[in-house]
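So the structure is just underneath, and the comments pick up after that.
The values are calculated or read from the model by the stated rules, or taken from the named source; none is laboratory data. Being a predicted model, the structure only gives us computed values, none of them experimental. Virtual Cβ from ideal backbone geometry, glycine too; neighbours counted across all protein chains shown.
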2 protein chains.
Amino acid sequence: MKTPEPIKRFADLFAELPGVGPRQALRIALYVVHKGNGFASGLVSALSGLRSIKICERCFNLYEGGNLCEICSDASREQDVIAVIEKETDLLSMEKTGRFRGRYLVIGDMRKLGVLSSEQKIKLRSLEEQIKDLFGGKAKEIILALNPNPVGDVISSLISEEMRPYALKITRLGRGIPTGGEIEFADEETLGEAITRRG
Amino acid sequence: MKTPEPIKRFADLFAELPGVGPRQALRIALYVVHKGNGFASGLVSALSGLRSIKICERCFNLYEGGNLCEICSDASREQDVIAVIEKETDLLSMEKTGRFRGRYLVIGDMRKLGVLSSEQKIKLRSLEEQIKDLFGGKAKEIILALNPNPVGDVISSLISEEMRPYALKITRLGRGIPTGGEIEFADEETLGEAITRRG
């Protein structure tokens with residue numbers, strides 16, 4: 001007795017999804033079979049729905065409809081304040097705070113090597129062009145909102161160097177003790193940053 | 001800026017799958033979008049492939065093609081030695097050992113309450129009928145291969161009681177120190193069982 005071929009094929013493919021291992025993919029396959037054809041059809045239609053998603057040519061965020069994404073086409077937001085972020089989920093987190101009224105550049109997954117990929121260089125180049133075309137050569141501010149870890153630090157310096165001629169100000173997100181955290185349990189690095197960046 | 005509707009719909013549905021939470025479902029949606037339409041089509045076709053999966057009317061295992069599953073239609077296997085198991089993945093684990101030449105009854109998820117569901121009662125009733133029709137009223141052996149934990153123990157007793165008139169022998173899987181395990185680190189219950197069931 002081997003796993004039936006369609007279940008195996010399903011599990012092999014689903015095991016490629018982020019955070020899903022081979023055993024879980026098999027469990028998912030069995031779950032879908034037991035839930036019946038109605039459930040499977042729902043999944044198929046959800047998958048097909050993803051076809052209508054486009055990538056915004058200005059910020060490289062995902063969106064639906066229109067020419068630019070909701071944020072890039074929103075005149076009430078400061079289009080010359082640009083947060084460079086790694087991925088779409090970071091954008092959603094930033095938006096949830098309600099504290100940011102600029103727009104974004106989704107730079108894409110940071111590579112462990114701490115170098116910019118050619119795709120990322122193209123995105124920065126495109127940002128430079130936008131800044132030249134729309135704001136006469138200098139954006140008001142570029143915020144490097146990348147994860148505060150060694151790779152994020154290196155990538156931030158690289159972007160900072162590249163974009164310096166194109167922004168009046170280049171900043172990074174604040175670093176320190178998280179709200180609700182305790183000084184006693186903060187790691188040295190975090191507490192050190194909190195002291196250096198006090199204010 | 002909200003998550004685009006098709007991504008939200010996908011994430012909501014995928015979050016229902018076993019072991020997938022809302023955040024992971026969102027990450028999967030973004031991953032699928034970035035992989036492009038070819039990858040999404042692959043997932044759709046894998047899902048559609050699951051339609052050809054049937055449930056064996058004798059053992060309730062999943063299979064493809066034929067009238068009964070591969071194991072129930074295999075004359076070289078002892079059809080009157082029946083292992084009662086909880087789920088398909090347990091069946092696959094049993095088969096991988098190559099040590100079992102009987103067949104199965106997939107009884108379905110054990111409920112935490114330690115009672116048989118009406119579906120499980122129907123499955124046992126159907127096993128009784130098979131035993132009457134095929135083996136003149138008594139199977140050679142019924143092996144209760146359910147997980148060795150309190151719920152498994154209770155369910156095993158219930159099944160044992162129910163099936164006693166229909167089997168020459170009712171057994172359970174061996175319990176004790178796992179191969180490669182260390183006596184020093186075995187919990188009391190496991191070591192206790194190993195002593196009681198020595199041989």
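For residues in segment B:57-67 being surrounded by fewer than 17 Cβ atoms within 10 Å (Cβ to Cβ) and in contact with a helix residue (DSSP H, G or I) (Cβ under 9 Å, 6 or more places away or on another chain), which is farthest from the other protein chains (Cβ to nearest Cβ)?
Per the stated criteria, the residue is B:57.
Is it the case that some residue within segment A:128-145 is part of a helix (DSSP H, G or I) and among the polar types (S, T, N, Q)?
Scanning segment A:128-145, I find at least one residue that is part of a helix (DSSP H, G or I) and among the polar types (S, T, N, Q), so the answer is yes.
Kindly establish whether residue A:126 is of a type in the set (Gly, Ala, Ser) and surrounded by 15 or more Cβ atoms within 10 Å (Cβ to Cβ). I'd like the intermediate steps shown before the answer.
Numbers: of a type in the set (Gly, Ala, Ser): yes; surrounded by 15 or more Cβ atoms within 10 Å (Cβ to Cβ): yes.
So residue A:126 passes the test.
Looking for something more than 10 Å from every other protein chain (Cβ to nearest Cβ) and crowded, with 16+ Cβ neighbours inside 10 Å - is there at least one such residue anywhere in segment A:48-56?
Yes, segment A:48-56 contains at least one residue that is more than 10 Å from every other protein chain (Cβ to nearest Cβ) and crowded, with 16+ Cβ neighbours inside 10 Å.
Would you be able to tell me the number of residues in segment A:68-86 that are surrounded by fewer than 19 Cβ atoms within 10 Å (Cβ to Cβ) and facing chain B (nearest Cβ under 10 Å)?
Number of matching residues: 3.
Does residue B:33 meet the test of being within 7 Å of another protein chain (Cβ to nearest Cβ), of a type in the set (A, V, I, L, M, F, W, C) and farther than 26 Å from residue A:3 by Cα?
When the stated conditions are applied, residue B:33 passes them.
Test each condition in (1) at pLDDT below 95; (2) on the phi < 0 side of the Ramachandran plot for residue A:82 and report the one that comes out false.
Just one mismatch for residue A:82, condition (1).
Identify the residue in segment B:148-199 that is among the β-branched types (Val, Ile, Thr) and under 16 Å from residue B:85 (Cα atoms) and, among all such residues, is surrounded by the fewest Cβ atoms within 10 Å (Cβ to Cβ).
B:171
Just one of (1) surrounded by fewer than 21 Cβ atoms within 10 Å (Cβ to Cβ); (2) touching a Lys or Arg at 6+ places or on another chain (Cβ under 7 Å) trips up residue B:103, so point out which.
(1)
Among the β-branched types (Val, Ile, Thr), assigned by TED's automatic domain parsing to the domain that holds residue A:132 and touching a helix residue (DSSP H, G or I) at 6+ places or on another chain (Cβ under 7 Å): does that describe residue A:107?
Taking the combined requirement at face value, the residue satisfies it.
Against the conditions (1) surrounded by 14 or more Cβ atoms within 10 Å (Cβ to Cβ); (2) within 29 Å of the chain's Cα centre (by Cα); (3) at the interface with chain B (Cβ under 7 Å from one of its Cβ atoms); (4) small (Gly, Ala, Ser), where does residue A:40 fall short? Just the number, please.
With (1) surrounded by 14 or more Cβ atoms within 10 Å (Cβ to Cβ); (2) within 29 Å of the chain's Cα centre (by Cα); (3) at the interface with chain B (Cβ under 7 Å from one of its Cβ atoms); (4) small (Gly, Ala, Ser) applied to residue A:40, the lone miss is (2).
In segment B:14-23, which residue that is in a helix (DSSP H, G or I) and modelled with pLDDT under 95 is farthest from the other protein chains (Cβ to nearest Cβ)? Steps first, answer last, please.
Step one: of segment B:14-23, the residues in a helix (DSSP H, G or I) are B:14, B:22-23.
Among the residues that remain, those that are also modelled with pLDDT under 95 are: B:22-23.
Numbers: B:22: 11, B:23: 8 Å.
Looking at residues that are in a helix (DSSP H, G or I) and modelled with pLDDT under 95, I get B:22.
Before we move on, is residue B:5 of a type in the set (Asp, Glu), farther than 20 Å from residue A:23 by Cα and more than 7 Å from chain A (Cβ to nearest Cβ)? Spell out the reasoning first.
Numbers: of a type in the set (Asp, Glu): yes; farther than 20 Å from residue A:23 by Cα: yes; more than 7 Å from chain A (Cβ to nearest Cβ): no.
Spelling it out, it is not the case that residue B:5 is of a type in the set (Asp, Glu), farther than 20 Å from residue A:23 by Cα and more than 7 Å from chain A (Cβ to nearest Cβ).
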